[in-house]
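The values are calculated or read from the model by the stated rules, or taken from the named source; none is laboratory data. What you are looking at is a predicted structure, and each value in this text was computed from that prediction instead of being measured. All Cβ positions, even for glycine, are placed from backbone atoms using ideal geometry, and neighbour counts span all protein chains on display. What goes into the accessible areas is simple: the full protein's heavy atoms, side chains included, and nothing from ligands, DNA or RNA. Shrake-Rupley method; radii C 1.70, N 1.55, O 1.52, S 1.80 Å.
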Amino acid sequence: MITLDSKIPEGPLEQKWKRYKANAKLVSPANKKKLDIIVVGTGISGAPAASALGELGYNVKVFCYQDTPRRAHSVAAQGGINAAKNYKNDGDSVYHLFYDIIKGGDFRAREANVYRIAEVSNQIIDHFTAIGVPFAREYGGSLTTRSFGGVQVSRTFYSRGQTGQQVLLGAYSSLVRQIKEGTVTMYPRREMLDLVVINGKARGIVVRNLITGKIERHSAHAVVLATGGYGTIYYLSTLAVNSNASAAWNAYKRGAAFANPSFVQIHPSSVPQMNEFQSKLTLMSESLRNDGRVWVPKAKGDTRPPNDIPEEDRDYYLERRYPTFGNLVPRDVASRAAKERCDAGYGVGPTGLAVNLDFRDAIKKQGKKAIEEKYGNLFEMYKDITGIDSYTEPMRIYPAGHYTMGGLWVNYDLMTTVPGLFAVGESNFSDHGANRLGASSLMQGAGDGYFILPYTISNYLASEIKTPRINTDTIEFQEAEARSAEKIKRLLSIKGKQTATTFHKKLGKIMWDHCGMTRNEKGLTEAIGLIRELREEFWKDLNVPGRADELNQELEKAGRVADFLELGELMITDALNRRESCGAHFREESQTPDHEALRNDDEYAYVAVWEYNGDQPPILHKEELKFEFVELKQRSYK
Amino acid sequence: MNKILFSAVSKKFVMALAGLFLLLFLPVHLGINLMLLKSDPEPFNTAAHFMATFPLVKVVEILLILAILVHVTYGITLQILNWCSRPVGYAVRNKSDTSAFSRFMIWTGGSVLIFLVIHFFNFYFIKLGIVEGDPENFYAVAQQLFVIPSYAILYWICFLILGFHLYHALQSAFQTLGLSNEFWKPVIRVISLIYAIVIPLGFAIIPFVILLFK
Amino acid sequence: MKFKLKIWKQRDAHSRGSFVTYDLDGVAPEMSFIEMLTYLNETLIGKGDEPVTFEHDCHEGICGSCGMYINGYPHGPVKGLTTCLLSMRYFKDGETIVIEPWRAKPFPVIKDLMVDRTSFDKIQQAGGFISISVGAAPEANAIPVRKHSSDLAFDASVCIGCGACVAACKNASAMLFVSAKISQYALLPQGRPEGKDRVRAMIAEMDKQGFGSCSNTGACEAQCPKQIKLFNIARLNREYFKAY
């Protein structure tokens, strides 16, 4: 039975992190060399974590499933990265950034963690600039910023529409520097299958070498998961198709509790689905809503080409419903508003499941060149996919599964309920509450990796300096390896009719229909049954060709889908439990008269933390959220 | 130090320098050759004599030979290394959008080299005394050769190929020496085109005139 | 749509490969090339045949995982696209499509269309970074950078490391890849202190990995899905000679 201790330092909000750092235990350089750390994942939290720990002198081993760390899906983040620099002199501050994240997350995040990430945000920009990330600049040579949804200041640093790529490649460059130095050893093309816990502490992992199929054991004094989110559970999402939840899920099964699994952000602007073969929904950055206006025709079933619909027949529904924030409302609000219009029959495009994002007015006002400068690559990508030129015709967009605010529960140290197991970036639950604001994920990932984890992990490892290198021949490692091998054997031996992808699509549909943008008691209850049936079918009728001891991409997929089939049930269980609407979690039973999310702070101002319980239903623990510094308000963007 | 001497980039750099040096020599050679168009053999023979005897030209001559040797040796070495970089080729021919001139440099260069050898036998080796002939009357030697139609045709083909080689060579040299950018690239391209047309054309005119009018 | 696919199949790095021909019907024009191959694999598995191994991940042209040589073009016949963004509407119904892996000594085939591009990591490792550790960075605006330089640095740094430049080059040269990295750092004041060491080290590593030299043919620029320019190679050359 786990106990939750968030370990939030005492004192005023702005003093907490300073006090923590002042009191954190240190490890001497001589001892650091003797301590091993495993980092799984090389995205915008994993690569920074590994390189920062390597720079400190720890002996770091990094794992990723890709052929090189530079391909982690953070590379696809488009819009930008937030920081409270206040370069625009528009009244921004660490407190404002903190407040925006807390409010954007609909008051379901921990104050202390959020304040800390806002505090380190400025250092992140300094560091990335210093290591050569080419952020956009003014003619005078200083850095420039743009606005993003849900806030009233301009604090988002960016590199055209490829900010994620630029910061990830920056982080990758520091990582390879440490690989060259010898402090970091890189293990690419490895998929984590299981966590090894010895005497209650995380001591290693078991991975599959994706080229040889061999199962390998790796030990360390501490394990860091930087394995990202589980948005691919919907099959169609904005994530890379190989992104998966297996590492986090297996850590959950070894005792790391899972927090708020049902909090999934549905991004309002992705290229709509075109056919059943589609494998992916491509994101169109939120930054587009800075200059693009969202609209649908005022009349149902108006099939005229968008440019032929005159101004008076257009419904700019975001501007109509939310005059203060207009097109820049947070993602959850924008997504639901689009769904509402489409469900009511006003959607555009061949499927009716899309809304227009129109740049006509912005191009008229700023000129085509200015728009091209800001979003050129996005317009190109949109044209590549759809064949439509958005300079002359509106883009068609529709919401898609994007980011998971839920994740492994961590305390202020970013440590999970398994001592020695840390989770950073999207894989933890800590900073975004029930909804993440745009351009905050790169900030949180990099902040966790560069500026927070190095302090907190040292604080933990200070008590491990007497522990010798961990032996991988122990019974725990043998068991973990045997478990993984057994699962692989089972997957291969079914020899049924349906492929892993077929099951993934079916699962995705259940999740999207019942645990997507809006949820209700009936749908969720039904979905649990559907998932259980599907899981049964999976283990009876799965078809995985090939062998275990070779490169086998179908086997990789099957293993991931098997874990998703279990995770899906936990997500639904969590969504059922939370009988309130908050942020991205919209329970139809709990809404205001004008259809906005209605929170229930009296009953649900807590983090729902789920503990694995074998074949029994998971055990719910509640971490009450205490708001000492902000006042809980009904979120309004009107 | 070893690294800079033996890196592929340095080899290319040396090749480009040697090539540019040869390109500087071509207009001089053309200037003298144009004197073949005169019916008086004297100016040409005097120029040839000057080129053969003036001490400073001697130094340049050695440099030219060296430049040819370096350019050819490095060209062949790099080509062999380049072939080794792709031990298994593609089944379908590479259709990437590039100019044909740039893809066949080794072949155009090789052809020019063969011509150069013939040329040396006809003229340069006479001067050196390796091959028999009168080094003081190259005018007559040239006139005799150019009236042979097959020789004239071979000569034209060789200069056409040289033109192809030069067109890419000049642009490529600037690029290799790091002297190209967004602004200069189109300018360099035009200069290369003019050079690659004017110089070979100048040479090719001579047998044409001799064949037709003499 | 219907296609005849001639695909390179190779068990592993040590085996000899050969082409296998598949007939595929029911392809939708809006499928991406990767989706078409996934669809092929689904049908192959259904028939009990072995699926084709190839790499792909982000499906939006940014991770650099995908890449195959399609009918004589790396990433296919359309400029500025990765394989994952290449739509089937660019192909003629009934066409034969020949698909080969990247071919280069430093990119050995792992299986079918999957190649090992670790050599790129090795080059980057040799010096493709700025040695500033966490905590040592000055205030971001303390280093003003001319907008034009910063924009050019960005244009170079959009390289996704897919290897199409090497695949397209008749010499299997990695100059465009290396020059993009060198240019990014050469154009920014932050990169200057290590400029000379960086270019020396990266060039030496490039040769060591077995890539060919540059013949300035421009095939790399023509096939780069991120349209990285040849000027970067000129800049690389310039930086290299300045380094000695």
**Report entry** Size of the protein assembly as shown as Cα extents on the principal axes (Å, biggest first)
**Finding:** 113, 74, 64
**Report entry** Dipole axis of chain A (+1 Lys, Arg; -1 Asp, Glu on Cβ), positive-most option in A:Ile528, A:Ser28, A:His218
**Finding:** A:Ser28
Report task. May I ask which residue of C:Ser149, C:Phe241, C:Tyr185 lies farthest towards the positive end of the charge dipole of the stretch C:117-242, with charges of +1 (Lys, Arg) and -1 (Asp, Glu) on Cβ and the Cα centre as origin? Result -> C:Phe241
**Report entry** Accessible surface of A:Lys33 - all protein chains present, 1.4 Å probe, nearest 10 Å²
**Finding:** 140
Report summary line: The distance between the Cα centres of the stretch A:353-409 and the stretch C:18-43, in whole Å, is 29
Query raised in the report: Which pairs break 25 Å Cα to Cα here: B:Lys11/C:Lys229; A:Lys495/C:Lys92; A:Lys489/A:Lys540?
Result: A:Lys495/C:Lys92
Requested in this report: Work out the length of the dipole vector of the protein assembly as shown about its Cα centre, built from +1 on the beta-carbon of each Lys and Arg and -1 on the beta-carbon of each Asp and Glu, and round it to the nearest 20 debye.
Outcome: 2040
**Report entry** Protein accessible area in the stretch A:267-401, 1.4 Å probe - carbon and sulfur %
**Finding:** 50
Report task. Could you work out how far the C-alpha centroid of the stretch C:170-190 sits from that of the stretch B:119-137, in angstrom? Result -> 49
Query raised in the report: In a GNM of chain C with a 10 Å cut-off on Cα contacts, which of C:Ser183, C:Ser131, C:Ser173 has the highest mean-square fluctuation?
Result: C:Ser131
**Report entry** Charge tally in the Cβ shell below 10 Å around A:Pro268, where Lys, Arg are +1 and Asp, Glu are -1, A:Pro268 excluded
**Finding:** +2
Query - Accessible surface, per residue, of the stretch C:2-104 when the full set of protein chains is kept, probe 1.4 Å, Å² - result: 35
Query raised in the report: What accessible area, summed over both chains, is buried at the C-B interface (1.4 Å probe, Å², nearest 100)?
Result: 3500
Query raised in the report: When you look at the Cβ of every residue in C:103-116, what mean number of other chain Cβ atoms sits within 10 Å?
Result: 3
Query raised in the report: If one computes the Cα centroid of the stretch A:141-204 and of the stretch A:423-466, what distance in Å separates the two points?
Result: 11
**Report entry** Calculated on alpha-carbon atoms, Rg and Dmax of chain C in Å
**Finding:** 19.9, 63
Query raised in the report: What percentage of the solvent-accessible surface of the stretch A:475-605, computed with a 1.4 Å probe over protein heavy atoms, is contributed by carbon and sulfur atoms?
Result: 52
Report task. Could you name every residue in the stretch A:265-284 that has 10 Å² or more less accessible surface in the full protein assembly than in its own chain alone (probe 1.4 Å, ligands and nucleic acids excluded)? Result -> A:Met274, A:Asn275, A:Phe277, A:Gln278, A:Ser279, A:Lys280, A:Thr282
**Report entry** Percent antiparallel among DSSP beta bridges (both partners in chain A, rounded to 5)
**Finding:** 70
Query raised in the report: At the nearest 100 Å², what buried accessible area, both sides summed, do you get for A and C when the probe is 1.4 Å?
Result: 6100
Query raised in the report: In the Gaussian network model of chain B, springs joining C-alpha atoms below 10 Å, which of B:Ala100, B:Ala152, B:Ala196 carries the largest mean-square fluctuation?
Result: B:Ala100
Query raised in the report: For the stretch C:117-242, what does the equivalent ellipsoid look like in terms of its semi-axes, each the square root of 5 times an eigenvalue of the Cα gyration tensor, given largest first in whole Å?
Result: 25, 16, 13
Report summary line: In whole Hz, the Karplus estimates of ³J(HN,Hα) for the stretch A:401-417 (6.51, -1.76, 1.60; θ = phi - 60°; x where Gly or Pro) are x, 9, 9, 10, 6, x, x, 5, 5, 9, 8, 4, 7, 6, 9, 7, 6
Query raised in the report: Count the lysine pairs in the stretch A:1-156 that are 8 or more places apart or on different chains: how many have C-alpha atoms under 14 angstrom apart?
Result: 5
Query - the stretch C:13-136: translational diffusion in µm²/s, Stokes-Einstein, Kirkwood Rh over Cα pairs, 4 °C, 1.567 mPa s - result: 79
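For the stretch A:267-401, with every protein chain kept in place, what is the accessible area per residue (1.4 Å probe, Å²)?
It amounts to 39 Å² per residue over the stretch A:267-401.
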**Report entry** Gain in span if fully extended, A:Asn275 to A:Val630, counting 0.36 nm per residue against the direct Cα distance
**Finding:** 123.2 nm
Query raised in the report: Excluding same-chain residues fewer than 8 positions from A:Lys339, which lysines have a Cα within less than 22 Å of its Cα?
Result: A:Lys280, A:Lys298, A:Lys300, A:Lys505, A:Lys506, A:Lys509, A:Lys522, A:Lys638
Query - Choice from B:Lys38, B:Lys95, B:Lys58 with maximal GNM fluctuation in chain B (Cα, 10 Å cutoff) - result: B:Lys95
Report summary line: Each residue of A:65-73 has, on average, a number of other protein chain C-beta atoms within 10 Å of its C-beta equal to 6
Report task. Check each residue of the stretch B:84-101 and keep those whose accessible area, probe 1.4 Å, is at least 40 Å² smaller with all protein chains in place than in the chain alone; give them in order of residue number. Result -> B:Ser85, B:Arg86, B:Val88, B:Tyr90, B:Ala91, B:Val92, B:Asn94, B:Lys95, B:Ser96, B:Asp97, B:Thr98
Query - Accessible area per residue in Å² at 1.4 Å probe, computed on chain B - result: 55
Query raised in the report: In what order, largest first, do A:Tyr391, C:Tyr185 sit by accessible area if the probe radius is 1.4 Å?
Result: A:Tyr391, C:Tyr185
Requested in this report: Check cross-link reach from C:Lys111 to the lysines: straight Cα distance under 17 Å, and skip same-chain residues fewer than eight apart.
Outcome: A:Lys214, C:Lys6, C:Lys9
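Quick one, what does Rg over Rh come out to for the stretch C:43-85 if you take C-alpha atoms and the Kirkwood Rh?
Ratio of gyration radius to Kirkwood radius for the stretch C:43-85: 1.07.
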**Report entry** Positive minus negative residues near A:Phe629 (Lys, Arg vs Asp, Glu; Cβ under 11 Å)
**Finding:** -2
**Report entry** From phi via Karplus (6.51, -1.76, 1.60), per-residue ³J(HN,Hα) for the stretch C:221-231 in Hz, x at Gly/Pro
**Finding:** 4, 5, 9, 5, x, 9, 6, 6, 8, 5, 4
Report summary line: Within the under-15-Å Cβ sphere about A:Ala605, not counting A:Ala605, Lys/Arg +1 and Asp/Glu -1 give a net charge of 0
Query - the stretch A:284-300 residues near the modelled A:His595 label - backbone nitrogen below 17 Å, point 7 Å along Cα→Cβ - result: A:294-300
Report task. Give the Rg (one decimal place) followed by the Dmax (whole number) of chain A, computed from C-alpha coordinates and expressed in Å. Result -> 23.6, 75
Report task. Give me the percent of the accessible area of the stretch A:1-100 that comes from carbon and sulfur atoms, probe 1.4 Å, all protein chains in place. Result -> 53
